[in-house]
Amino acid sequence: MFCSFLALLLMKELQLRLEAQGHAVEWRRLLDDLEALEEFTVTSGGKTFVVRTATRGDAGNALQAVGVALGPKIRRQ
């Protein structure tokens, strides 16, 4: 019960932050966009890189609203 209440509070806070930035977001679509965000490791020529997919849809807006910076799409490990 407590976890459900906390989840609702966090969801409402995220919605308020997005609205404050002028974004109207559908919750299911936002979850799909966040789920599509992936990161994987690639080794080529003896070098290892971490590659992240581009944000799609509302995911970038949501991350920005909560102050999360993803960093570069490709970085050397």
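Side notes on the structure shown:
- The stretch between PHE5 and ILE74, if pulled fully straight at 0.36 nm per residue, gains 21.1 nm over its current Cα-Cα span.
- Positive-pole candidate from ILE74, GLY22, GLY46, dipole of segment 18-77, charges at beta carbon: GLY46
- Here the 3J(HN,Hα) profile of segment 22-31, calculated from phi with Karplus coefficients 6.51, -1.76 and 1.60 at θ = phi - 60°, is x, 10, 9, 10, 8, 4, 4, 5, 4, 4 Hz, Gly and Pro shown as x.
- Cα pair distances in segment 2-76, grouped into 10 Å bins until the bin that holds the longest one, percent each: 18, 40, 26, 13, 4
- Degrees separating the helix 2-20 axis from the principal Cα axis of the chain, which is the longest one: 80
- Counting charges near GLU19 (Lys, Arg +1; Asp, Glu -1) among other residues having Cβ under 15 Å from its Cβ returns a value of -1.
- For the pair LEU16 and PHE49, label points projected 7 Å from Cα toward Cβ lie 4.2 nm apart.
- Net charge, LEU70 excluded, C-beta distance under 10 Å - Lys, Arg +1, Asp, Glu -1: +1
Each value in this text was obtained by applying a stated rule to the coordinates, not by laboratory testing. If you're wondering where the values come from, they're calculated on a predicted model, not measured in any experiment. Positions of Cβ are generated from backbone atoms using ideal geometry, with glycine treated the same way; all protein chains shown enter the neighbour counts.
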